[in-house]
Amino acid sequence: MTPASETHHHGGDRVAAALQAQGVPVVFTLCGGHISPIITASKARGIRIVDCRDEATAVFAADATARLTGIPGVAVVTAGPGLTNTITALKNAQLAQSPIVLIGGAARTALRGRGALQDIDQRPLVAPHTKRFIQVKRVVDLAPAVETAFVVAREGVRGPVGIECPVDLLYDEANVREWYAKASGRGRSLADRALRWYLRRHVERLFAGSGHPTQPRAVEAPPPAPPDATVAAASAALAAAGQPLMVIGSQAVSLPGEAARIAAAIGKLGVPVYLSGMARGLLGRDHPLQMRHARRDALRESDCVILAGVPCDFRLDYGRHVRRGATLVAANRSAKEARMNRRPTIAAIGDAGLFLQGLAATSPRPTQRQGWIDSLRQRDLEREAAIDAQASAQGEFVNPLGLLRALDGAAGDNATMVADGGDFVSTASYVVRPRGPLTWLDPGAFGTLGVGAGFALAAAVARPDSEVWILFGDGACGYGLAEFDTFVRHRVPVIAVVGNDGGWTQIAREQVKLLQDDVGTVLARTDYHRVAEGFGAAGILVAKDAEIAAALERAREMARSGKPVLVNVWLDKTDFREGSISM
Ligand SMILES: Cc1ncc(C[n+]2csc(CCOP(=O)(O)OP(=O)(O)O)c2C)c(N)n1
Ligand SMILES: [Mg+2]
């Protein structure tokens, strides 16, 4: 243990001070000997420390923090297995273009490759999933590494940055000198003396120039605005269009502070719009221009499609959803993504949200397109009516559509929804209406199961006054179930609703049809609510439609009293998502 008086301005505190200068309110972590000085110093500086039960959760939470606040989320994990546990979550953040700073520990610099605990070559594991991987080699470089990480994570196409901090940079100089003195022994042979000399030099190099604490700064590059000429070209294309359509994705809301202005811009443009990913909820629960259903049909009919922060990937059938002769405008921070699979007529390279604002500012008053909007609205209403009919069908257990309709009605106006699962949550994305900007969190393009607990943790920390709901598949809930312990310890009153259909249904649906075998896709109707109770949370079982309303109300009450709750709902099978694919 380092005496308290010596902890000031050791390397761990340099990292903490740099985080503090960036306005980081919370660090997600799972402890380890290699990172203790960062965690303790961050706490001493007033940064909230949320310790999770899996490093993946810490990184998922950092990811969601970044999406909700615009400030890169921070996860601190220990060397070796701590870092390898984060890889899926790191990749998820990279594909979601979420700016996070992952700080990992590492073995003592002089012991690299000599069999030290948890000493592995971390660069080849982590670097491919980051925009940059910084290996810090001197104490004086710690704070600048954090500063660089924050700049790089946010500039251009956003994404994760990794920083590797060897443990001998994080403790104070006296401690580190002592470690190395002990390691070099007391022998008098020439070799012993040479080793002592070498290690003394080594420590001197580690601490060179670190006599004075640094004054960390927060610098941020301005977000990339698309060139005026491309905005003007898009504006002209829009003016000439008879049936224009916009699809707006996560990247359009990567600057949370701009959300209200972007929503206003969409209203001014008067173009019907589909919202996807993090952009869901941007226009509130109901907006005359927002459509929810039959996107493919609408895209096929449109003569001018604007994709704002949406790549032509599998979700748009690699661009085939857009008619060949249509004018295609792609606004994207990434030139590669803007042109992926299909060359747009106009590529506006820059932030998609700023593009929409620019477009609204330069476009003339919207031409009358009421007929077009009405025809889309009509189809939307027909689909809603069909869902209503399906939602009222009676079965043995609970009708998933009925449950989701009830949940949509019951959740508070300030609710944030986290989606983690297959069929059940995809169904939810058609039925549950996010309340406002950035109130819907799903994994993004990587389609990762297991994001739920970490995302909810972040939402509850970032928005203490918001109701946080997790919509879980029963399969998906298993990944983060131990985080109910974290919810309880940190008094994070999330409401988790598990759509328990006793299986990995999204996979079973196709596997059984194509291969006539459900092997590997079957789960039990497990008592997940009791698991939550075991961690000290509240648990509620719902097995009949008639129990839904009271259960959801009780869950909200429990959450208001500060207690996390898991509502385990036994679902009937449904063919709502028949025909959707997962390959
Ligand atoms: C980490 C990860 N593993 C596996 C998959 C493949 N996968 C996609 S959906 C799904 C089934 C999800 O089951 P559940 O959460 O119970 O939702 P349901 O489809 O049953 O509603 C699986 C296994 C994935 N997307 N991510
Ligand atoms: Mg399931």
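The values are calculated or read from the model by the stated rules, or taken from the named source; none is laboratory data. Remember, predicted model here, so these are calculated numbers, not experimental data. In this analysis, Cβ positions are derived from the backbone assuming ideal geometry, glycine residues included, and neighbour counts consider all displayed protein chains.
Listing for the model above:
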| read-out | value |
| --- | --- |
| Condition met for Trp372 (among the aromatic types (Phe, Trp, Tyr) and under 23 Å from Gly475 (Cα atoms)) | no |
| Candidate set from region 476-485 (those that are of a type in the set (Gly, Ala, Ser) and either under 16 Å from Arg530 (Cα atoms) or not in a helix (DSSP H, G or I) (or both)); member that is nearest to ligand 2 (Cβ to nearest atom) | Gly478 |
| Of residues in region 430-479 being of a type in the set (Ser, Thr, Tyr) and more than 16 Å from ligand 1 (Cβ to nearest atom), the one modelled with the lowest pLDDT | Ser466 |
| Region 301-316, subset in contact (Cβ under 8 Å) with a residue 12 or more places away in the chain, in a helix (DSSP H, G or I) and within 28 Å of Val157 (Cβ to Cβ), residue nearest to the chain's Cα centre (by Cα) | Arg315 |
| Residues of region 504-531 classified as outside any helix (DSSP H, G or I) and within 8 Å of ligand 2 (Cβ to nearest atom), total | 2 |
| Selection from region 407-429 of residues that are within 24 Å of Ile262 (Cα to Cα), within 16 Å of ligand 1 (Cβ to nearest atom) and either over 18 Å from the mean Cα position of the chain (by Cα) or part of a helix (DSSP H, G or I) (or both) | Ser429 |
| Residue in region 344-355 that is outside any loop (DSSP other than H, G, I, E, B), surrounded by 14 or more Cβ atoms within 10 Å (Cβ to Cβ) and within 16 Å of ligand 1 (Cβ to nearest atom) present | no |
| Pairs with Cβ under 8 Å, 6+ apart, first in region 108-136 and more than 22 Å from Thr148 (Cα to Cα) and touching a residue at least 60 places away in the same chain (Cβ under 8 Å), second hydroxyl-bearing (Ser, Thr, Tyr) and outside any helix (DSSP H, G or I) | Gln118/Thr78 |
| Residues located in region 493-521, provided they are of a type in the set (S, T, N, Q) and without any contact (Cβ under 8 Å) to a residue 60 or more places away in the chain | Gln511, Gln516, Thr521 |
| Test result for Val488, touching a helix residue (DSSP H, G or I) at 6+ places or on another chain (Cβ under 7 Å) and either touching a residue at least 12 places away in the same chain (Cβ under 8 Å) or outside any loop (DSSP other than H, G, I, E, B) (or both) | no |
| Strands (runs of 3 or more DSSP E) wholly inside region 54-156 that include at least 2 residues being among the β-branched types (Val, Ile, Thr) and crowded, with 19+ Cβ neighbours inside 10 Å | 73-77, 100-106 |
| Residue identified as surrounded by 14 or more Cβ atoms within 10 Å (Cβ to Cβ), assigned to a helix (DSSP H, G or I) and of a type in the set (Gly, Ala, Ser) among Ala331, Ala298 | Ala298 |
| Candidate set from region 499-526 (those that are of a type in the set (S, T, N, Q) and over 22 Å from Asn399 (Cβ atoms)); member that is farthest from ligand 1 (Cβ to nearest atom) | Gln516 |
| Restricting region 277-290 to residues that are touching a helix residue (DSSP H, G or I) at 6+ places or on another chain (Cβ under 8 Å) and crowded, with 20+ Cβ neighbours inside 10 Å, the residue that is nearest to Thr69 (Cα to Cα) | Met278 |
| Criterion (closer than 16 Å to Gln135 by Cα and at pLDDT 95 or above) met by exactly one of Ile103, Ile49, Ile87 | Ile103 |
| Subset of region 142-161 (residues that are within 17 Å of Thr109 (Cβ to Cβ) and in contact with a Gly (Cβ under 9 Å, 6 or more places away or on another chain)) | Leu142 |
| Residue in region 458-472 that is in a helix (DSSP H, G or I) and farther than 17 Å from Lys563 by Cα present | yes |
| Test: residue in region 484-495 that is at positive phi and more than 15 Å from ligand 1 (Cβ to nearest atom) | yes |
| Test result for Arg193, outside any helix (DSSP H, G or I), out of contact with any Lys or Arg (no Cβ under 8 Å at 6 or more places or on another chain) and of a type in the set (D, E, K, R) | no |
| Count - residues of region 342-390 that are of a type in the set (A, V, I, L, M, F, W, C) and without any contact (Cβ under 8 Å) to a residue 24 or more places away in the chain | 4 |
| Which listed residue is surrounded by 14 or more Cβ atoms within 10 Å (Cβ to Cβ) and either among the charged types (D, E, K, R) or free of Cβ contacts under 8 Å to residues at least 40 places away in the same chain (or both), from Val247, Val203, Val253 | Val203 |
| Among the residues listed as Ala428, Ala453, the single one being away from ligand 2 (no atom under 16 Å from the Cβ), at negative phi and buried (at least 23 other Cβ atoms within 10 Å of the Cβ) | Ala453 |
| Per-region count, region 533-555, residues touching a residue at least 60 places away in the same chain (Cβ under 8 Å), not in a helix (DSSP H, G or I) and not basic (Lys, Arg) | 2 |
| Residue in region 491-503 that is nearest to ligand 2 (Cβ to nearest atom), counting only those that are assigned to a loop (DSSP other than H, G, I, E, B) and touching a Gly at 6+ places or on another chain (Cβ under 7 Å) | Pro493 |
| Qualifying residue in region 545-565 (condition: within 28 Å of Ala393 (Cβ to Cβ), of a type outside the set (Lys, Arg), within 16 Å of ligand 1 (Cβ to nearest atom) and surrounded by 23 or more Cβ atoms within 10 Å (Cβ to Cβ)) | no |
| Selected residue [under 23 Å from Ala66 (Cα atoms), surrounded by fewer than 22 Cβ atoms within 10 Å (Cβ to Cβ), of a type outside the set (D, E, K, R) and out of contact with any Asp or Glu (no Cβ under 6 Å at 6 or more places or on another chain)] from Phe487, Phe446 | Phe446 |
| Residue within region 165-181 that is aromatic (Phe, Trp, Tyr) and within 30 Å of Val24 (Cα to Cα) present | yes |
